[in-house]
Amino acid sequence: MSRFMNGKYAQLEEYVPGEQPTDMKYIKLNTNESPFPPSPKVAEAVNRAEIDKLELYPDPECKALVKRLAKTYGVEN
């Protein structure tokens, strides 16, 4: 058992997914997948938001990631 895992979870069994057909002729409700594509307006908005960021360099200090990791693990950054 990992030293990071709480002992009360030691007896849990891992989830094993059932059969996952790959021929795309089924709607797989057990995986919460939708048979419908997103609205073209949604796709356009998401794509536009990402395209608008392509001209920028990413934060070299990864401040948002560091902040989130610090919060998740309860440490100060």
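The values are calculated or read from the model by the stated rules, or taken from the named source; none is laboratory data. The structure presented is a predicted model; accordingly, all values stated were derived computationally and were not measured. Note: ideal-geometry Cβ built from the backbone for every residue, glycine included; neighbour counts use all protein chains shown. Surface accessibility is based on the protein's heavy atoms, side chains included, excluding ligands, DNA and RNA. Shrake-Rupley method; radii C 1.70, N 1.55, O 1.52, S 1.80 Å.
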When region 22-38 is checked residue by residue, the ones that are loosely packed, with under 10 Cβ neighbours inside 10 Å and more than 22 Å from the chain's Cα centre (by Cα) are Asp23, Met24, Lys25
Filter pass, Lys41 being farther than 30 Å from Phe4 by Cβ, outside any loop (DSSP other than H, G, I, E, B) and open to solvent by 100 Å² or more (accessible area, probe 1.4 Å): yes
Quick test for you: out of Glu50, Glu14, Glu44, pick the one residue that is at pLDDT 85 or above and among the acidic types (Asp, Glu). Glu44
Hey, among the residues in region 45-60 that are more than 21 Å from the chain's Cα centre (by Cα) and of a type in the set (D, E, K, R), which one's most open to solvent (accessible area, probe 1.4 Å)? Glu55
Restricting the first residue to region 65-77 and requiring it to be within 18 Å of Phe4 (Cα to Cα), which pairs with a second residue that is exposed (fewer than 12 other Cβ atoms within 10 Å of the Cβ) and of a type in the set (Asp, Glu) meet a Cβ separation below 9 Å and a spacing of at least six or different chains? Ala70/Glu76
Would you confirm whether any residue within region 61-74 is modelled with pLDDT under 85, surrounded by fewer than 10 Cβ atoms within 10 Å (Cβ to Cβ) and part of a loop (DSSP other than H, G, I, E, B)? no
